[in-house]
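Have a look at the structure below before the remarks.
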Amino acid sequence: MKRLEVKNLNKSFGGLKATNNVSFSVEPGEVLGLIGPNGAGKTTLFNCLTGFLKVDSGTVHFGDDEVQNKLPDKINKMGIARTFQIPHTFRNMTVLENVMVGAFSKSNDVNQCREEALEVLKFIGMEHKKDLMGQHITLADEKLLAIARALSTKPGLLLLDEAMSGLTPLEAQYAIEVVKKIRASGVSIIVVEHVMEIVMPISDRVIVINAGAKIADGKPEVVSRDPAVIECYLGGV
């Protein structure tokens with residue numbers, strides 16, 4: 001069974017069709033890259049998948065469950081988690097407490113949530129920073145912390161919205177290794193990134209969105225040679 005299946009998804013803002021009849025699927029344990037130029041509709045698509053926007057038409061199935069137009073917290077409890085372009089760090093809370101916030105989505109037991117948050121921090125290599133305040137960590141750590149908080153909700157599908165943008169090459173490489181570990185654990189991932197050198201190597205498959213519509217879907221090496229993709233995303237030949 002497909003982990004996620006999107007069929008004929010549409011979302012408009014007035015006369016602007018931000019998501020135009022988009023269909024795609026994600027397999028269990030697959031990393032799907034989502035690319036396209038600025039304003040193509042990538043974040044709008046994420047918002048539709050996670051309940052931050054109501055869709056005009058179309059369906060989103062997560063396993064057997066239909067999730068479109070459900071509230072974000074309900075969709076998260078069903079097993080879909082996300083990060084945002086700008087990390088939402090609780091600056092007056094510790095790194096551990098930030099991750100516990102995510103764990104509380106599935107449990108009210110403080111000790112259990114603390115233990116689960118610690119396990120997630122170990123998994124991504126941030127356990128040694130658990131007592132730092134959110135206001136005292138770097139951008140790279142904020143990006144990893146956002147991933148950790150999303151993971152603490154125990155998702156089957158993780159949506160990463162530019163989780164590696166703004167990082168140094170070394171920081172980005174570490175984040176890539178974290179994504180690979182998450183995929184190896186069986187979690188499906190959709191990655192939005194602008195840097196082709198990041199998204200292509202970690203993606204099993206890539207879809208390209210332009211002006212709200214899907215224009216390509218396939219293996220990274222095939223999509224990167226598609227004339228329509230080169231024209232809209234790479235600036236022509």
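Read-outs throughout are calculated quantities, based only on the coordinates presented, and are distinct from any laboratory measurement. Computed from a predicted structure; not experimentally measured. Note that we place each Cβ from the backbone using ideal geometry, even for glycine, and neighbour counts take in every protein chain shown.
Here the peptides 91-97, 189-195 are ranked by packing, the mean other Cβ count within 10 Å, and the order with the highest first is 189-195, 91-97.
7 Å from Cα along Cα→Cβ at both His194 and Phe13: what's the point-to-point distance in nm? Between His194 and Phe13, the simple spin-label model gives 1.7 nm. Count Lys and Arg as plus one, Asp and Glu as minus one, and take only other residues whose Cβ is under 13 Å from that of Lys77; the net charge is then +2. For the set Lys11/Lys181; Lys106/Lys219; Lys130/Lys219; Lys42/Lys74; Lys11/Lys180; Lys7/Lys70, the pairs lying more than 27 angstrom apart at their alpha carbons are Lys11/Lys181; Lys106/Lys219; Lys130/Lys219; Lys11/Lys180. Among 148-154, 209-215, the peptide with the highest mean count of other Cβ atoms within 10 Å heads the list, and the full ranking is 148-154, 209-215. Taking 0.36 nm per residue of sequence separation and removing the Cα-Cα distance, the Lys181/Gln85 pair yields an extension gain of 32.4 nm. A cut-off under 12 angstrom between Cβ atoms defines the neighbours of Ala228, and their net charge, with Lys, Arg +1 and Asp, Glu -1, is -1. Once the C-beta distance of Met78 and Arg225 is scaled by a Förster radius of 30 Å, the resulting FRET efficiency is 0.20 to the nearest 0.05. For the chain, the longest principal axis of the C-alpha atoms and the axis of helix 110-124 are separated by about 60°. For the chain, a Gaussian network of Cα nodes joined below 10 Å ranks Leu160, Leu139, Leu170 by mean-square fluctuation, and the top entry is Leu170.
Grab the Cα-Cα distance for Ser23 and His128, subtract it from 0.36 nm times how many residues apart they are, and report the gain in nm with one decimal. Write down the numbers at each step before the final one.
Values: separation 105, 0.36 × 105 = 37.80 nm, distance 4.19 nm.
Length gained, Ser23 through His128: 33.6 nm.
So if I take the centroid of the Cα atoms in the stretch 14-39 and the same for the stretch 162-194, what is the distance between those two points in Å? Distance between centres, Cα-based: 18 Å. Placing a label point 7 Å from the Cα of Asn92 along the Cα-to-Cβ line, the residues of the stretch 134-176 whose backbone N sits under 18 Å from it are 134-137. Distance between the 7 Å Cα→Cβ label points at Lys54 and Leu170: 5.0 nm. When the GluC sites (Glu not before Pro) in the stretch 98-192 are filtered for DSSP coil states and for at most 13 other beta-carbon atoms within 10 Å of their beta-carbon, no site remains.
Working note: Karplus 6.51/-1.76/1.60 with θ = phi - 60° gives the stretch 11-18 the couplings 8, 10, 10, x, x, 8, 8, 6 Hz, where Gly and Pro are set to x.
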